[in-house]
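A.B. asks: Quick one: structure below, then a few questions.
Values quoted throughout were computed directly from the atomic coordinates according to the rules given, and no laboratory measurement underlies them. This one's a predicted model, so the numbers in the text were calculated from it and none came from an experiment.
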Amino acid sequence: MIRLVLGGEKSGKSDMAYGLFLRAFKGLPDQDPVPEPGTASARSAFPEPASPVDCGLANLHSSMPPECASQGARRCPGMILAMGLARDAGFRRQILTHRLRRNPAVPLVEPGLELAHALDAARGKNAPVLVDSLDFWVFACMEAGQERADQLLSSLLDWSGPQAPECVLVSCEVGLGPLAATAFTRRFVRSLGHLNQRLAQAADEVQLAVAGLSLTLKGNGNGLI
C-alpha cells in the first residue's frame, strides 16, 4: 500500500510518515534511551559514513538484520530509504537528529539516484519502506541531468493495493510559497510539483501535514496518529 505524506518545511510530515511506517510491522526490539546529539554515545551509536557510497545501494541487503536474510522476508522489519545528503554542518545536525529519534533496529539505506532499484529490492523482500524525502531525490536527479520519474512510478506499481507491504513516501508540498527567483529553482518546483501529482494519483492514501496536524486528501486516513 502506498501512503504519500506531503507538507512544507517543518510541517511535521516526517514524524507523521515515520509513525505510519512503524505501524506497518510488529516485533521490533524496544529502542534504547536516545543519547543526546553530539555526545560520545551518540557518535558511537550512529557513526557518520565516510561517504554516501558507504550507505548506498550496494549495502541494501547487507544492512538488513540477519533474520531478514536467514529466516525469510516475513520477519523483515523494513527499511528507511534516506534521500538527503549533508552538504553543510546545519543539515548534518538535522540528519543526526532524525537518526537519533528513530529505532536503530531498522536499517537505513541511502540509495541516491537509484531509488527505484532500492524499492524493487525491498519489494522482493516483502519489506515495508519509508522514503524520506523525495524533494532531495528530485534535486539530485536534476543536478545529475537525469529524468527518473517514470522509472520511480514504474517501481511503485508493485506497491499499490492493500495486499502489498507498506510504502510510505514523504515529499515537500512546494506550491504554497512565493514564485522562485531563479530558473533552476522554478524548474525544481515544477518538477517536484508534477511528481507529487503523479504520486498522489498512484497512492492509496494521501495526507497533507500542516503545523503538525494532518488533513486527509485521499483514502480514509486511519493510519495516522
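A.B. asks: Calculate log10 I(q)/I(0) of the stretch 115-186 for q = 0.14, 0.21, 0.26, 0.27 Å⁻¹, where I(q) comes from the Debye formula with a single equal point scatterer on each Cα and nothing for solvent.
C.D. replies: After summing over all Cα pairs, the log10 values are -0.53, -0.97, -1.27, -1.32.
A.B. asks: Quick one: Kirkwood hydrodynamic radius for the stretch 99-225, alpha-carbon pairs, angstrom, one decimal? Can you show the working numbers first?
C.D. replies: On the way: mean 1/r = 0.0628 Å⁻¹.
Over the stretch 99-225, the inverse of the mean reciprocal pair distance is 15.9 Å.
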